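Read the structure below first, then the notes.
The values are calculated or read from the model by the stated rules, or taken from the named source; none is laboratory data. Because the structure is a prediction, the values reported are computed rather than measured. Note: ideal-geometry Cβ built from the backbone for every residue, glycine included; neighbour counts use all protein chains shown.
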Amino acid sequence: MRIFWVYGAIFLLLLISAGGALSAEPVPVQWQEISVSLDPEHHLVVGESMVSFASGAKDVRFRLSEGARVESVRVGGKDVPYSFTGGVLSLEPQSRDAFTATITYRASFNDPVSRHPAASEDPSYGVNAAVTKEGTFLGGGAYWYPVPEHVPARRKVTVAAPAGIEGVTAGARISRETTGGVSRSVWQETRPVGVLSLCAGPYLVEEKQTAGITLYSYFYSSNAQLAPRYLDAAGRYLALYQELFGPYPFEKFAVVENFFPTGYGFPSFTLLGGSVIRLPFIVDTSLPHEIAHSWWGNGIDVDMSGGNWCEGLVTYLADYLLKERRSPVEALEYRRQLLIDYASLVNPQNEFALSGFASRSGPASRAIGYGKGAMVFHMIRSQIGEDSFFRALRQLAQERMYAAASWSDLIAAFSRSAGRDLAPSLKVWLSRPGGPRLSLTQVNSRREGEGWLVTGTISQSPPLIEIGAPLRLETGDGVIEKVVPVSARTGTRFAFSTSSVPKRLLLDPDASIFRIFSTGEIPATVNSVKGSTNLVGVVTQNCQAQVGTFKAFLASLSQGEVRLLDEAQLDSARSISHDLLFCGTPKNLSLLPPVPDDVDLGQGGSGEGAAVARGDGLLFLVLKRQSPSKGVVALFRPLSEVSAQQYGPKITHYGKYGYLIFYGGVNRHKGTAPTSDAGVSVSLPME
């Protein structure tokens, strides 16, 4: 994902609160040079920044870490008065002529970094900045250098650190050396964007040229052997995306290892935690996602006035599109999973319109901003066609690169490319929360002459919306497909004529539109637990985890505030009216819905052998209550406190699965029970 350091609006408020009138327009910054020395032993940044302003400056202000100590501010070689309050550094030029200010300062950054962080929707895990022996991360939101109101026209950064500590930031690397016990690198941007972030560590550096782009890997020695794989993959994805979107907008691309398990992108580099880099699938999932952000979110910033569009677009262009290119089956499964996730995680209490999405703050916001957003782009592409869709993106990249774009700008680009105004239909998907709930009702088939007539109604429950609903009629001789324009009312009639015997009627069988899945279409999964609004945690007599560990597990599922009961406290009313998550197997097995035949709840009965006997095992199982009851019951069954701590935090990453078995350090088995398609699938004939 791309990190949005909430900068402009907050900076303005801070400046106003600091006192004094603001100039009507920030004075353009002609260039900025930043030199920092990192002192990991003392968590210290010692810096100097030269900033050149055009003529006309009356009041000049910077944002700088509140904990910084400003040592001097000089103009023309002379000290000048300044104030530094609440993280705002202010000075008044002596004249209205162009001038260059030199600021020297030092600041300590040592945000705590958990050695074993729980799963989080925040990829920074709450770390804004840390300068440590293990590594350095200075996020833009930490204001580790004096940040002017206006992005400079040119920017250069020099990073110095103890020998062997390599720094990396945005821009082209124009020099790198180690002399006199100091490693130093210089980075230069010809088209700066946003606020700078910086990383450093005891990296082994590899380099490669591809398609005119310089690629780097900055990996710790333990992962250095993975560098060729990442550089080769980066070259492939950059070539693909240049073909789709146009020229790569930055001077280089670097894959940089972080010392805690992050995964996000910045202009011209991506930052991936060491434990993340080692996962075999990351090179074909997270890496292309962050590369696509080079165009969407970093090269073109997001005008947040209408919501954050870039996460949905990048999810579609990376996570989804690559699956589509590999296999239609994978693509269908991914679209279905987006809709299942939305239905499992989003509810009336946490639902909001796509235009209200800024960044992910929990599973529900991710399902909206990333998942619903991706499905909206899929509907646009399906509606206007492949050529028009990518032509619009290339044109937008050409026109808005190094500037900001809004949802309205994207809709205008797609409309121009398609040759018709898409705004009226698309803005409904942005401004209204939720989506249509569709089902097949009153379906009937009868002979008509020498053929068959199939009729029925596409029913819709509020909120009502106009949408083209795909229908597929399977017959003895093949399939017939049509898109039925569903109006904003509760029922829309349809009819099929066929000369062959009708077999089955399907509503949206390819998951090609955004809609809210019915209960029968949603399997019982980890995400069902994460999205529950009435969950109760239950500690059984044979729970092998400590209560604190069980609570931490609940927190990893975004359920840290749920009520915790002993099994003896669970009355029959609560057991029926609430979703339940048991730690251990309940004494009263009737509290569990039917367990799949291939799952044995007996101690060691799932076939793990010696590993299970040693307590190195964990079963997690989610079961759906049978009709007429609703909701889910889940079982968290670690065979020891050690296995609970080892495997519990991993479960949140398996959101689409309904059962998981871990032992021997890894996940050994995973799967999901089949669903009922009642409401979207009708067997025929029915005469």
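Meeting the requirement of 3 or more residues that are among the aliphatic types (A, V, I, L, M), the helices (runs of 4 or more DSSP H) wholly within region 359-433 are 373-384, 386-400, 407-418, 423-431.
Taken together, the residues in region 536-589 that are without any contact (Cβ under 8 Å) to a residue 40 or more places away in the chain, of a type in the set (A, V, I, L, M) and farther than 16 Å from P638 by Cα amount to 7. Just one of the numbered conditions (1) outside the structural domain of T585 (by TED's automatic domain parsing); (2) closer than 30 Å to E641 by Cα; (3) small (G, A, S) is not true of A552: (1).
For every residue, the table says whether it meets (1) touching a strand residue (DSSP E or B) at 6+ places or on another chain (Cβ under 6 Å); (2) more than 30 Å from P148 (Cβ to Cβ).
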| site | (1), (2) |
| --- | --- |
| C199 | yes, no |
| P202 | no, yes |
| L215 | yes, yes |
| S222 | no, yes |
| A234 | yes, yes |
| G246 | no, no |
| E251 | yes, no |
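Taken over region 478-493, residues that are more than 16 Å from V454 (Cβ to Cβ) and not β-branched (V, I, T) amount to 5.
Taking residues in region 460-485 that are under 21 Å from G434 (Cα atoms), and partners anywhere that are among the acidic types (D, E), the pairs with Cβ atoms closer than 8 Å and at least 6 places apart or on different chains are A469/D508; P470/E481; P470/D508; P470/D510; P485/E466. Of all the listed residues (Y230, Y203, Y237), the sole one being within 20 Å of E311 (Cα to Cα) and surrounded by 18 or more Cβ atoms within 10 Å (Cβ to Cβ) is Y237.
Residues of region 30-64 that are among the β-branched types (V, I, T) and either without any contact (Cβ under 8 Å) to a residue 24 or more places away in the chain or surrounded by fewer than 18 Cβ atoms within 10 Å (Cβ to Cβ) (or both): V46 alone. Taking first residues from region 406-422 that are closer than 20 Å to F357 by Cβ and partners that are acidic (D, E) and not in a helix (DSSP H, G or I), the Cβ contacts under 6 Å between residues at least 6 apart in sequence or on separate chains come to S406/D303. Considering the conditions (1) over 17 Å from the mean Cα position of the chain (by Cα); (2) buried (at least 17 other Cβ atoms within 10 Å of the Cβ); (3) in contact (Cβ under 8 Å) with a residue 40 or more places away in the chain, Q349 is excluded by exactly one of them, (2).
Suppose we filter Y264, Y220, Y230 for residues that are hydroxyl-bearing (S, T, Y) and at pLDDT below 95; which single one remains? None of the other options fit; the residue is Y264. Just to be sure before I move on: is A153 in the same structural domain as S37 (by TED's automatic domain parsing) and in a strand (DSSP E or B) in the structure I sent? Judged against the criteria, A153 is not a match.
Taking into account only those residues within region 629-671 that are surrounded by fewer than 16 Cβ atoms within 10 Å (Cβ to Cβ) and under 30 Å from P470 (Cβ atoms), which is modelled with the lowest pLDDT? The extreme case among them is K630. The single residue among N542, N527, N534 that is over 25 Å from S425 (Cα atoms) and surrounded by 21 or more Cβ atoms within 10 Å (Cβ to Cβ) turns out to be N527. Within region 349-364, the presence of a residue that is among the basic types (K, R) and closer than 19 Å to I522 by Cα is excluded. Within the option set R489, R515, R493, being within 19 Å of S382 (Cβ to Cβ), among the basic types (K, R) and either surrounded by fewer than 19 Cβ atoms within 10 Å (Cβ to Cβ) or in contact with a strand residue (DSSP E or B) (Cβ under 8 Å, 6 or more places away or on another chain) (or both) holds for one residue only, R515. With the condition kept exactly as written, say whether any residue in region 336-358 is over 24 Å from V529 (Cα atoms), assigned to a helix (DSSP H, G or I) and of a type in the set (D, E). Within region 336-358, not a single residue is over 24 Å from V529 (Cα atoms), assigned to a helix (DSSP H, G or I) and of a type in the set (D, E). Restricting the search to strands (runs of 3 or more DSSP E) fully inside region 497-570 and requiring at least 3 residues that are among the β-branched types (V, I, T) gives 535-539. As a summary of the residue check, S461 satisfies the conditions (1) closer than 27 Å to S355 by Cα; (2) hydroxyl-bearing (S, T, Y); (3) buried (at least 17 other Cβ atoms within 10 Å of the Cβ) except for the one numbered (3). Applying the selection to region 470-496, what residues are of a type in the set (D, E) and assigned to a strand (DSSP E or B)? Those that are of a type in the set (D, E) and assigned to a strand (DSSP E or B): E474, E481. Do we find a residue being among the small types (G, A, S) and within 15 Å of the chain's Cα centre (by Cα) anywhere in region 325-342? So far as region 325-342 goes, no, none of its residues is among the small types (G, A, S) and within 15 Å of the chain's Cα centre (by Cα).
For region 504-533, which positions are under 21 Å from L438 (Cα atoms) and either touching a Cys at 6+ places or on another chain (Cβ under 9 Å) or among the basic types (K, R) (or both)? Correct list: R504, R515. Taking E206, is it touching a Lys or Arg at 6+ places or on another chain (Cβ under 9 Å) and of a type outside the set (K, R)? Criteria not met by E206.
The number of residues in region 77-100 that are among the hydrophobic types (A, V, I, L, M, F, W, C), at pLDDT below 95 and not in a loop (DSSP other than H, G, I, E, B) comes to 2.
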